[in-house]
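Participant: To start, I am sharing the structure in question, which I have written as structure tokens.
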Amino acid sequence: MQTDEQSLQGELIVQDRVAVIYERSETAASDRKIIHIDMDAFFASVEQRDNPEYRGKPLIVGGQPHSRGVVAACSYEARVFGIHSAMPSSQAYRQCPQAIFVSPRFDAYRDASRLIQSIFQRYTDKVEPLSLDEAYLDVTDRARTEQRFAGSAQRIANEIRQVIFDELNLTASAGVSYNKFLAKLASDRNKPNGICVIKPGEAEALLALLPVRKFHGVGQATERKMNKLGIATGQDLKKWPQHELVDAFGKQGLYYFNIVRGIDHRSVNNNRERKSIGAERTFQNDLQNTHEMLAALELICDTLIERMKAKNAYAKTLTLKLRYANFEVVTRSISPNGGLSDKQSITRLLPALLTKTEAGERAVRLLGLSVAHLQLDVSSAAARGADNASVVEPAHDNSDGSIEIQAVNVFYTSQLKLL
Ligand code: TTP
Ligand code: MG
Ligand code: MG
């Protein structure tokens, strides 16, 4: 799929569904080699694989046409009719009455996801899953040490795509670059079944032409706010001095300042060291207003406190997680002075955390709370011996102040309900 931005660039070579943006000049950006892999029309592709009669047809996985449900996934044949994830199924039906509507089979998607993740592990142990169908891989070492890859992350990415196809009969797209932000951006540019490489020296020109909504981490609300400030594209964003972006968007302003310059130092976090305690709930019916949400969070907080007590934990960082009706997941974190030890120290922070999201404006299907930067309660740790009193690793790599959509492992830990 060639976009306007790509053709404007005039330097893109598309060959056998492979596009490579050739570098003009190397800037000293980074030596890392990061791949982002994302499966094509994931749920729908699994259905087409397992049911040959669905192949080559507009297929919608999700709610039935006359229900209040939404489209979870749709085949590329359905996208021709303007159908996309999160669209009400009734609308999808109006746009394409001949489409086949099927209910999701989450077990099948989870099985496929596990197999994909195990393929990633053959190439590096630095794998960070973002959801069931995608992950970041840091292949810097592998590219360098294995002769057949000759230093090329693109070769590794193509081999992984081939292995996924051979072993799972599913296609994946890949983005290759020198940081996570650019790799994720790239993986979307030549879908389906494509690869895109963004090299240093190309990133900034590419980003300048993109609408800000395409930047991972700029959601609907931020897009609206940016548009009001006259920021529609990367080029507009780049004109803003760092301090003005921070004034307008808080810590996240620094993230925007960096990404539009192709700078993103976040590491690929394989979560091995992640230690946090959490509780979450998926609601039968989506919550519509913030009063309901705060009430639900109070109850979730009770469970969280019980779990903290069971572990004698004392925490520094509180994270609110919410999943909107369209399955998009966001997290917001806060590390208050004085730590988090009792219910009141947590509940007093909830209204502020919630206002940092689009909750209320958008319906919410899941809420969760977790605490991290844990320390064992010193008195009980002392009773067990000094070794146990060590500080446990942080739960999130928040080096960019991340307000970005963070869907790490959420599909693994919670029950998916579509309707
Ligand atoms: P995506 O990777 O966002 O989409 P996709 O794999 O269907 O299509 P693409 O080729 O554009 O990557 O999401 C992966 C799966 O997650 C998707 O198949 C179904 C599920 N999902 C939902 O259930 N609801 C949603 O709103 C979205 C975006 C995804
Ligand atoms: Mg996908
Ligand atoms: Mg995905």
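Participant: So what are the ³J(HN,Hα) numbers for the range 320-325, from phi and the Karplus equation (6.51, -1.76, 1.60; θ = phi - 60°), rounded to whole Hz, Gly and Pro as x?
Facilitator: Listing the rounded values in order: 9, 10, 9, 10, 6, 4 Hz.
Participant: Under Stokes-Einstein, with the Kirkwood radius over Cα pairs standing in for Rh, what whole-number D in µm²/s applies to the range 240-372 at 37 °C and 0.692 mPa s?
Facilitator: The Stokes-Einstein estimate is 202 µm²/s.
Participant: Find how much the distance from residue 81 to residue 68 grows on full extension, using 0.36 nm per residue of separation minus their present alpha carbon separation; answer in nm with one decimal. All intermediate terms of the calculation are to be shown ahead of the outcome.
Facilitator: Numbers: separation 13, 0.36 × 13 = 4.68 nm, distance 2.00 nm.
Additional length available on full extension: 2.7 nm.
Participant: So, one more: Let me make sure I get this right: for the range 205-259, a, b and c are the square roots of the gyration tensor eigenvalues over alpha carbons, sorted descending. Under 1.5 in a/c it's rounded, otherwise prolate if a/b > b/c, else oblate. Which is it?
Facilitator: Details: a/c = 1.43, a/b = 1.19, b/c = 1.20.
Rounded, since a/c falls under 1.5.
Participant: What ranking do 139, 163 get, fewest neighbouring Cβ atoms within 10 angstrom at the top?
Facilitator: Working: 139 26, 163 16.
Going from sparsest to densest Cβ surroundings: 163, 139.
Participant: In nm, give the distance between the simple-model label positions of residue 158 and residue 326, each being 7 Å from the Cα along the Cα-to-Cβ direction.
Facilitator: It works out to 3.5 nm between the two label points.
Participant: Show the residues, 5+ positions off or on another chain, whose built amide H is closer than 5 Å to the amide H of residue 102.
Facilitator: So residue 102 has HN proximity to 60, 61, 62.
Participant: Another one. Here is the link list: 228/316; 180/228; 225/343; 184/238. Which ones come out longer than 25 Å on Cα distance? Walk me through the numbers on the way to the answer.
Facilitator: Details: 228/316 36 Å; 180/228 28 Å; 225/343 34 Å; 184/238 20 Å.
228/316; 180/228; 225/343, as the Cα separations exceed 25 Å there.
Participant: If you take every residue apart from residue 226 with its C-beta less than 14 Å away from the C-beta of residue 226, what net charge results, scoring Lys and Arg +1 and Asp and Glu -1? Numbers along the way, then the final one.
Facilitator: Details: positive: 213, 214, 224, 225, 228, 238, 239; negative: 223, 236, 244, 247.
Cβ neighbours under 14 Å give a net charge of +3.
Participant: Loop only by DSSP, 12 or fewer other Cβ within 10 Å of the Cβ. Give me the trypsin sites (Lys or Arg not before Pro) in the range 197-256 that pass, ordered by residue number. Could the numbers behind the result be given before it?
Facilitator: Numbers: sites: 213, 214, 224, 225, 228, 238, 239, 251; in loops: 239.
Filter output for the range 197-256: 239.
Participant: Here is a follow-up. In the neighborhood of residue 242, defined by Cβ-to-Cβ distances under 13 Å, what is the net charge if each Lys or Arg adds +1 and each Asp or Glu adds -1? Present the calculation step by step, with values, prior to reporting the outcome.
Facilitator: Values: positive: 238, 239, 251, 261; negative: 244, 247.
Around residue 242, the charge tally is +2.
Participant: What's the magnitude of the charge dipole for the range 205-259 around its Cα centre, counting Lys and Arg as +1 and Asp and Glu as -1 at the beta-carbon? Answer in Debye, nearest 20.
Facilitator: For the range 205-259, the charge dipole is close to 140 debye.
Participant: Determine ³J(HN,Hα), in whole Hz, for all residues of the range 302-313 in sequence, where each value follows from phi through the Karplus function 6.51 cos²θ - 1.76 cosθ + 1.60 and θ = phi - 60°; x replaces Gly and Pro.
Facilitator: 4, 5, 4, 4, 4, 5, 5, 5, 4, 9, 6, 8
Participant: Then there is this: In whole Hz, what ³J(HN,Hα) sequence does the range 343-357 give by Karplus (6.51, -1.76, 1.60; θ = phi - 60°), x for Gly and Pro?
Facilitator: Each residue's phi maps through the Karplus curve to give 4, 5, 5, 8, 5, 5, 8, 5, x, 5, 5, 5, 5, 7, 10 Hz.
Bear in mind that the values in this text are calculations on the coordinates, not laboratory data. Everything numeric here is computed off the predicted structure, so don't read it as measured data. Using ideal geometry, Cβ is built from the backbone for each residue, glycine included, and neighbour counts are taken over all protein chains shown.
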